[in-house]
Amino acid sequence: MRLFNEVEETAEETEAQSESEESILEKITYERRKKQPGHREEMLRNLPVERIEYRLDEDKRACPCCGEVMHEMSSEIRREIKIIPEKRVLVEHVQFIYSCRPCDKNEIETPIVKAPMPRPAFPGSLASASAVAYIMEKKYEQGMPLYRLEQQFERQSVPLSRQTMANWVVTGAKVWLSKIYQRMHQELLNRKYLHADETPVQVLHEPGRAAETNSYMWLYRSGRDGPPIVLYEYQQTRSQQHPIEFLKGFEGYLHVDGYAGYNNLPNVTRVGCWSHVRRGFDESLKSLPANKRNAPIAAREGLNYCNKLFKIERALKDVTPQERYKRRLEESRPVLDAFSVWLNTMKDEVLPKGTLGKAVKYCVNQWPTLVTFLEDGHLEINNNRALSIGKYNPQDLQKTFATSGLSA
């Protein structure tokens, strides 16, 4: 229902806040109002300016008192943001063809010359580069499904079906973006710090496979060094062979979770993810009855070790890699040593199939990779760079391939 009442709800929330917190926010509000002009200038500084001037005609500048011509004393400026709606234009590329009349009259072989013309985006198609880029940006940057784009174009009297747009997207990816993808892949392999993750997806109308069969979208991305590079690779299985092939030529550190498919990759040092560790103890704590969660129990103790490490990392967020490396050895190493002792004590005391037992077992099995982040200040304590963009709605992918009539 927020489709209809979002504006009213937002206005009511603002009004309620101003009434209930009026005394607290009085000073803050006053200070913000003083800063508002500067904030507005900053917000508008990159917009092109269209200046419209309103002057009196010469015959209307007579002074109503004495009749003399009035001069321009000053001006007042009112500013507003104008939105120019997108235009749809049918472009006709007319290529003129030339021949030689004297040669034609004398029955000599007549040369035919065509005026040069840009190549089409896709031969025999209405697609232009700008149209394909627009559809890709709407779908993948703004998350607009193709059926909504179809409805938008229909309202604008542009007969573009979702099947046509899906074919444009798939063909554009193969013809244009594949070259950019390959170049980015080469650059990715030259980096020293990478992140990887894989997530299951289901693709409709894939030849020889049931719709409910799990496929996998693999994600590879760069670390905190250099401009970010994020690449996806679709595969039908979760086989270790896929990261082996994709990362062929890479030599460095790879941040991943505990999946065994990342084991023994050539020339790769695995970096474990402490977010997965913390999640195990957090889930163990949440599985307990509410009246026991605040008691001094093992799950809370394990969670506290994780929290200490993350607190240290937050303090090191803006320091140099060299400083981060040094302070990790001073501050994180003692926490890790104490946690290791605690884990080796707990592994024989907890039920192996319980939530706490699984959390402890995960830590013990992954320990060599979990302490790797101490080796280099560029490394990270978790794989959140991959996790934050690696999980998306699989239905969106299904709709893309289902409407295109093509396999993944």
> Taking the stretch 54-94, which residues are at pLDDT below 90, in a loop (DSSP other than H, G, I, E, B), open to solvent by 100 Å² or more (accessible area, probe 1.4 Å) and basic (Lys, Arg)?
Replying inline: Arg78, Arg79, Lys82, Lys87
> Restricting attention to the stretch 204-228, which residues are outside any strand (DSSP E or B) and open to solvent by less than 20 Å² (accessible area, probe 1.4 Å)?
Replying inline: Glu206, Gly223
> Any chance the stretch 192-199 includes a residue that's surrounded by 12 or more Cβ atoms within 10 Å (Cβ to Cβ) and out of contact with any strand residue (DSSP E or B) (no Cβ under 8 Å at 6 or more places or on another chain)?
Replying inline: no
>> Among the residues of the stretch 9-28, are any of a type outside the set (Lys, Arg), modelled with pLDDT of 60 or more and part of a loop (DSSP other than H, G, I, E, B)?
In response: no
>> Tell me whether the stretch 291-299 contains one or more residues that are farther than 16 Å from Gly258 by Cα, part of a helix (DSSP H, G or I) and touching a Phe, Trp or Tyr at 6+ places or on another chain (Cβ under 7 Å).
In response: yes
> When both residues are 6+ apart or on different chains and their Cβ atoms are under 8 Å apart, which pairs have a first residue that lies in the stretch 51-74 and is without any contact (Cβ under 8 Å) to a residue 40 or more places away in the chain, and a second that is in a helix (DSSP H, G or I) and surrounded by fewer than 10 Cβ atoms within 10 Å (Cβ to Cβ)?
Replying inline: Val69/Glu58
> Do any residues in the stretch 150-165 that are part of a loop (DSSP other than H, G, I, E, B) have Cβ atoms under 7 Å from those of residues that are open to solvent by 50 Å² or more (accessible area, probe 1.4 Å) and basic (Lys, Arg), where the two are at least six apart or on different chains, and which pairs are they?
Replying inline: Gln156/Arg88; Val158/Arg88
> Among Lys179, Lys138, which is the only one that is more than 16 Å from Arg88 (Cβ to Cβ) and outside any loop (DSSP other than H, G, I, E, B)?
Replying inline: Lys179
> Of all residues in the stretch 269-288, which are of a type in the set (Val, Ile, Thr) and either part of a loop (DSSP other than H, G, I, E, B) or open to solvent by less than 30 Å² (accessible area, probe 1.4 Å) (or both)?
Replying inline: Val271, Val277
>> in a loop (DSSP other than H, G, I, E, B), open to solvent by less than 80 Å² (accessible area, probe 1.4 Å) and modelled with pLDDT of 90 or more: which single residue out of Gly172, Gly143 fits that description?
In response: Gly143
>> Any residue that is aromatic (Phe, Trp, Tyr), surrounded by 10 or more Cβ atoms within 10 Å (Cβ to Cβ) and assigned to a helix (DSSP H, G or I) - is there at least one of those in the stretch 112-135?
In response: yes
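For (1) of a type outside the set (Ser, Thr, Tyr); (2) open to solvent by 50 Å² or more (accessible area, probe 1.4 Å); (3) at pLDDT below 95; (4) farther than 17 Å from Gly272 by Cβ, each residue gets a yes or a no:
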position: Leu336; (1), (2), (3), (4): yes, no, no, no
position: Phe339; (1), (2), (3), (4): yes, no, no, no
position: Pro352; (1), (2), (3), (4): yes, yes, yes, yes
position: Pro368; (1), (2), (3), (4): yes, yes, no, no
position: Asn384; (1), (2), (3), (4): yes, yes, yes, no
position: Leu387; (1), (2), (3), (4): yes, no, yes, no
position: Lys391; (1), (2), (3), (4): yes, yes, yes, yes
position: Phe401; (1), (2), (3), (4): yes, no, yes, yes
position: Ser407; (1), (2), (3), (4): no, yes, yes, yes
> If Val271 satisfies every condition in (1) under 14 Å from Glu380 (Cβ atoms); (2) more than 26 Å from the chain's Cα centre (by Cα); (3) among the β-branched types (Val, Ile, Thr) but one, which is the exception?
Replying inline: (2)
> Does Arg279 qualify as being under 27 Å from the mean Cα position of the chain (by Cα), of a type in the set (Lys, Arg) and over 17 Å from Leu374 (Cα atoms)?
Replying inline: yes
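The values are calculated or read from the model by the stated rules, or taken from the named source; none is laboratory data. The shown structure was predicted, so the numbers you read here are calculated from the model rather than taken from an experiment. With ideal geometry, Cβ positions are generated from the backbone for all residues, glycine too; neighbour counts draw on all protein chains shown. To get the accessible areas, we keep the full protein, side chains included, count just its heavy atoms, and leave off ligands, DNA and RNA. Shrake-Rupley method; radii C 1.70, N 1.55, O 1.52, S 1.80 Å.
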